[in-house]
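The values are calculated or read from the model by the stated rules, or taken from the named source; none is laboratory data. These numbers come from a predicted model, not from an experiment. Note that we place each Cβ from the backbone using ideal geometry, even for glycine, and neighbour counts take in every protein chain shown.
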Amino acid sequence: MSEKTFSKEAIIQEAFDILEKNLGFLFLLLAIYMFATSIPILYALIPLQTVDISNKAEIIKETEKFTKFCLLYSPIILTWYFLTMAGVYYKIPLNLIRKIPVKLSQMFSNFSTIIRLSLASLLLIIILIPSFILLIAPGVYLSIRFQLFAYLIVDKNLGVIESLKESWRLTKGKVGNLFVLGLILIGISFLYSLFASIIPLAFGIVSGLSSATKNGQMASILVFSGSLFGAISKIPLYAFIYLLQGLVYEKIIGQSNNQTDNQETSSLILEK
C-alpha cells in the first residue's frame, strides 16, 4: 500500500507564514509560560555557575542550596506545566492554524483534559520504554504512530485509549513522510539553536573572565543575562515547532475527513 503523503515543503512554509503573522502573540505567550518554569531555575543557578571551581567546600554548599531550591520549586513547575501544556502546545496553535481568535486565557485547560493527557502520556511512556531499550527502530516507529494522541484529546475530546487507537489509525500509511519531516525539523532546530547559542556563549566567556578577576557581581549578571537571552532567543523556534506539529495533525485529519466523505458519497451512489 502506497503512503498517503502531504507536502512537507508546503507545511513548513505555512508554519513560517503563521509564525510571522502571530509572532508578537506567540512570543508573549511563551515568555509568560517560560517565566514560571525556566527563569527562577536560571536565577538559582547563578551562584553554582560562578563559584570558584578550586573551592570544593563552596561548590558543595552551592550545590546543596540549588538542590533544595529545585525540590521546593518543582511542585510549582509541575502544577504550571500540567495547567498550561494543553493550551500552549496544542489548543492555541490549532486555533491560529484555523484562524480562530486566540487569547492568553486559552493556555489553561480543564481538569478532565489534564488528567486524560497525563494518563495517556504515562501509558505511552510504558509502551515506548521497552521498544527503545530493545531496539531504537521500533521505538521510533511507535512514537510516530502515536504522535497525534494529545491533539485528539484536546481537539476531539477523546479518552486515553481512544486517542491512542485513533492516532494509530490516522498515521497508517504516513510513517515515512512523518519520519522525514521529523528529521527536517531536527535539522532546523539544530541550526537555529547553534546560531542562537553564539551570544550566550560570548556572555559565558566574559563572565569567566570576570570570575577570574574576582568580579563576582559582574560574573553573576553576565551569566544570568546570557542564560536569559539563550532562553528567550529560542521562543520563535518553539513557536514554529508547535505550529508545524499542529499543521501535520490538521492535514492528516483533513485527509481522513475527505476519505470518509468520499466513502459516504460512494455508498449513497451505490444505494441509489
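One line per residue, one yes/no per condition, for (1) at pLDDT 80 or above; (2) of a type outside the set (Asp, Glu); (3) touching a helix residue (DSSP H, G or I) at 6+ places or on another chain (Cβ under 8 Å):
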| position | (1), (2), (3) |
| --- | --- |
| Phe6 | no, yes, yes |
| Ile11 | yes, yes, yes |
| Phe16 | yes, yes, yes |
| Leu30 | yes, yes, yes |
| Phe35 | no, yes, no |
| Ile39 | no, yes, yes |
| Leu42 | no, yes, yes |
| Ile60 | yes, yes, no |
| Leu71 | yes, yes, no |
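Taking region 72-125 as the range and being closer than 21 Å to Gln245 by Cβ and of a type in the set (Gly, Ala, Ser) as the test, the residues that pass are Ala86, Gly87, Ser109, Ser118, Ala120, Ser121. Residues that are part of a helix (DSSP H, G or I) and surrounded by fewer than 15 Cβ atoms within 10 Å (Cβ to Cβ) within region 83-117 comprise Leu104, Ser105, Phe111, Ser112, Ile115, listed in sequence order. Is region 53-64 home to any residue that is part of a helix (DSSP H, G or I) and under 17 Å from the mean Cα position of the chain (by Cα)? No, region 53-64 has no match at all. Pairing each residue of region 217-242 that is under 22 Å from Leu26 (Cα atoms) and among the charged types (D, E, K, R) with any residue that is buried (at least 17 other Cβ atoms within 10 Å of the Cβ) and at pLDDT 65 or above, provided the two are 6+ apart or on different chains, yields C-beta distances under 6 Å for Lys234/Ala196.
For region 127-184, the candidate set comprises residues that are touching a helix residue (DSSP H, G or I) at 6+ places or on another chain (Cβ under 7 Å) and outside any helix (DSSP H, G or I); within that set, the residue that is farthest from Glu14 (Cα to Cα) is Gly159. Of all positions in region 130-146, at least one carries a residue that is of a type outside the set (S, T, N, Q), surrounded by 14 or more Cβ atoms within 10 Å (Cβ to Cβ), closer than 21 Å to Tyr81 by Cβ and under 20 Å from the mean Cα position of the chain (by Cα).
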